[in-house]
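Here is the structure we will look at, set down as structure tokens.
Derivation of every value follows stated rules applied to the coordinates shown; laboratory data play no part. On a predicted model such as this, the values are computed, not experimentally measured, just so you know. Neighbour counts run over all protein chains shown; Cβ positions are idealised from the backbone, glycine included.
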Amino acid sequence: MKRITYPIAVAAAVAALAAPARATIYGTMSNFDVFNDTPENCYGAELELEGVHAADVYNTYPSHFDHRNVTEYNDGTTFGTRVTFTGYNFTADGFIPPTPGQSTNGHACVDTAGCEHFGFAVNTQPTATRYFWLDSNSQRIGTTPLAVPTPSWTYIPPAGNQPAQLQAQVELPENEDHVQQADAIWMKVYKTEIQRPAKLEELMSGNAVVPEDQAEVETEWELLERGVVGDAQDKVNNGDESVIRRYEFYKYTGPYTPEHEADSAYDSKTMSDPPANELGDFIAANMVAANLVPVALVQGDYNEDGVVDASDYIMWRHHQGSEVYPLIDGDHSNVVDDGDLEVWQSHYGGNPAQAALAGSNVVPEPVSLLLLLTGVGLTAAGRRRDS
């Protein structure tokens with residue numbers, strides 16, 4: 001995937017940051033709630049991102065896991081990266097589903113046993129995504145990926161008098177053994193655009209950037225089954241820098257043909273909703289975004305607000321010892337530790353514009369400020385992070 005590049009000259013780089021050229025998609029991300037609908041207790045999860053190198057995974061979001069491992073794979077025909085979460089810490093006995101019901105809006109699983117919240121942000125475009133639950137031995141449970149389709153995005157440059165287009169396609173992930181077709185699912189889609197790049201932790205319910213209102217419904221209902229592609233194509237309006245969608249997925253409980261194809265009575269032209277006997281439990285809510293400009297990441301900016309300040313220290317203090325927060329792992333040691341505090345100290349006061357001019361803006365904080373922040377951090381350490 002081609003990336004946006006900037007001229008070497010500093011002045012040109014600053015100008016590019018102010019008005020970057022949209023040549024392609026710069027990065028994609030997904031943040032989703034999903035229930036455990038397997039017959040087993042789960043103790044881990046694995047996100048498989050096909051066509052993505054490990055270095056391109058710059059952020060992930062786990063809910064209730066102690067360990068995160070990122071590894072590349074290559075089976076001779078395809079390559080990709082697996083992000084594996086282990087050490088489930090919400091309950092001692094793994095998690096089984098609670099009573100499924102209405103949509104979580106993509107955030108409730110942060111605080112709910114029986115479902116989980118995951119996310120990833122990459123600097124490229126996965127060619128396919130598959131998610132699996134893991135058992136107590138960190139082995140996949142079954143060969144069927146979770147029913148959480150994630151779109152493949154395609155940027156179409158402007159041609160003639162036509163503006164640029166951004167295409168999003170979703171389809172059911174196939175079973176690994178390719179023997180049994182995956183069950184059909186119902187899909188509902190909301191969409192919006194914003195005039196800046198989106199960030200992973202913004203893709204939560206209740207956040208202003210996430211489309212949730214009825215006026216933002218893009219697709220009322222669509223039945224996804226094998227061979228069916230949910231396709232949406234949007235004009236890229238002047239000033240748009242990110243397109244955000246929220247997908248809701250529900251079980252299909254209607255009849256199947258002998259070939260395991262949905263035999264639904266639904267007719268979108270005459271029905272506003274699926275038939276009552278065909279719409280089952282809520283499965284997942286997936287908030288996704290495609291950025292058309294780069295996200296400015298600065299060393300030590302652990303909460304991604306554009307500056308390196310006291311709030312980043314609190315983030316570091318709150319997650320000290322964790323192995324699952326790559327944005328807070330400033331020294332890339334795979335654990336949040338004292339080395340990341342040193343990164344924060346050496347970049348205190350930095351912001352993206354200053355970083356573009358100087359590579360890094362080193363503004364050592366006074367000892368008194370560090371002592372104050374330590375006190376604040378000790379107070380905040382007991383608070384559970386819920387977003």
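Rg/Rh for segment 158-289 stands at 1.01; both radii use Cα atoms, and Rh follows the Kirkwood definition. Fully extending the segment from GLN165 to GLU216, taken as 0.36 nm per residue of separation minus the present Cα-Cα distance, adds 16.5 nm. For segment 120-243, averaging the sequence separation of C-alpha pairs within contact (under 8 Å, six or more residues apart) and dividing by the residue count gives a relative contact order of 27 percent.
Put in order of Cβ neighbour count within 10 Å, fewest first, the listed residues MET187, MET271, MET29 become MET271, MET187, MET29.
With a cut-off of 8 Å between alpha carbons and a minimum separation of six or more residues, what is the relative contact order of segment 10-291 in percent?
Relative contact order for segment 10-291 comes out at 22 percent.
All other residues whose Cβ lies under 10 angstrom from that of TRP133 are scored, Lys and Arg at +1 and Asp and Glu at -1, for a net of -4. Only lysines eight or more places from LYS235 in sequence, or on another chain, were considered; those with a Cα closer than 27 Å are LYS2, LYS188, LYS191, LYS199, LYS269. The Cβ shell under 11 Å around ASP263 holds other residues with a net charge of -4, Lys and Arg each +1, Asp and Glu each -1.
With the charge dipole of segment 219-304 set up from +1 on Lys and Arg Cβ and -1 on Asp and Glu Cβ about the Cα centre, the Cα lying farthest toward the positive end among the listed residues GLY239, GLN299, MET287 is that of GLN299. The calculated FRET efficiency for the pair SER268 and ALA54, based on their C-beta separation and a Förster distance of 41 Å, comes to about 0.50. For the charge dipole of segment 146-228, defined by +1 on Lys and Arg C-beta atoms and -1 on Asp and Glu C-beta atoms about the Cα centroid, which residue among PRO149, GLN195, LEU166 has the Cα displaced farthest towards the positive pole? The one lying farthest along the dipole's positive direction is GLN195.
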